[in-house]
Amino acid sequence: MSSDLRSSIRSIPDYPKPGIVFRDITTLLGDARAFRRAIDELVQPWAGTKVDKVAGIEARGFILGGAVAHQLSAGFVPIRKKGKLPHATVSIAYSLEYGIDEMEMHEDAVAPGERVILVDDLIATGGTATAAVALLKRIGAEVEAACFVIDLPDLGGARKIRDLGVPVRTLMEFAGH
Ligand code: AMP
């Protein structure tokens, strides 16, 4: 990982609440070289392999996932917050720090047996990505890998996803929350 990629992330202490350091990727996205490099590095293990779909998690996963899909000549599938998708959906509830939330995808967005790569900006506890993997598997996807620009390894999310048998690719780590 290049030092310029890491330095393109803006860290904002105590956002959205005290004790959390928010890792802001808008500064990476706004830097043409860093954005291209992040996408190139994310897709590198799958260059030349057949990937049918890239699934991105709302909302930052849409930006990165769309670019990854284009690079791999794959389709793009949005995984959205409940109530946003117009056609028949499958949904899954998952735990947040306070309460639960629900994410959805169109039931026909992935055909059984299609090879899918999941993309989001950051993995922390892994709750969001675990739910997304479960949703994709429920509609018959082969989840080839999960990719994140940033890993917060102290929170154990990447390990959880690997324990599900899904390879995880991340480009950089930050200690703590
Ligand atoms: P988790 O489900 O705990 O793995 O949290 C991952 C989701 O929350 C991702 O969609 C991230 O965008 C967001 N997130 C969690 N922690 C942070 C953080 N420190 N900075 C920026 N985004 C975060």
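Coordinate-derived values only; no laboratory data. Given the structure is predicted, the values throughout are model-derived calculations rather than measurements. Here the Cβ is made from the backbone with ideal geometry for all residues, glycine too, and neighbour counts use every protein chain on show.
In loop segments of region 48-152 as defined by DSSP, the trypsin sites (Lys or Arg not before Pro) with at most 15 further C-beta atoms inside 10 Å of their C-beta are LYS50, LYS82, LYS84. Stretching the chain fully between ALA134 and ILE63 yields a gain of 23.4 nm (0.36 nm per residue, less the alpha carbon separation). Evaluating 6.51 cos²θ - 1.76 cosθ + 1.60 at θ = phi - 60° for every residue in region 64-74, the Karplus couplings come out as 5, x, x, 5, 5, 4, 4, 5, 8, 6, 10 Hz, glycine and proline recorded as x.
If the limit is 26 Å between Cα atoms, which of LYS137/LYS160; LYS50/LYS82; LYS81/LYS160; LYS53/LYS160 go over it? Too far apart for the 26 Å limit: LYS50/LYS82. Placing +1 on each Lys and Arg Cβ and -1 on each Asp and Glu Cβ, with no other charges, gives the chain a dipole about its Cα centre of roughly 120 debye.
Length gained on full extension, GLU107 to ARG162, computed as 0.36 nm times the residue gap minus the Cα-Cα distance: 17.3 nm. Backbone amide hydrogens, once placed in the peptide plane, bring ALA74 within less than 5 Å of nothing, excluding anything fewer than 5 places away on its chain. Could you work out the helix-only [θ] at 222 nm for the chain, with each DSSP H run of four or more residues adding -39,500 (n - 2.57) and the total divided by the number of residues, to the nearest 500 deg cm²/dmol? Computed mean residue ellipticity for the chain: -8500 deg cm²/dmol. Applying 1/(1 + (r/R0)^6) with R0 = 35 Å to the Cβ-Cβ distance of LEU155 and ARG33, what FRET efficiency is obtained, to the nearest 0.05? In this case the efficiency is close to 0.75. Proximity of backbone amide H atoms, modeled 1.01 Å from N, is registered between GLU114 and GLU142 at under 5 Å, excluding neighbours fewer than 5 places apart on the same chain. For region 26-134, what Kirkwood radius comes out of the mean inverse Cα-Cα distance, in Å? About 14.6 Å, per the Kirkwood formula over Cα pairs.
Annotation: amide H of ARG169 within the under-5 Å range of ALA146, CYS147, PHE148, sequence separation 5 or more or interchain, hydrogens built in the peptide plane.
A simple spin-label model places the labels of ALA88 and HIS70 3.3 nm from each other, with each point 7 Å out along Cα-to-Cβ.
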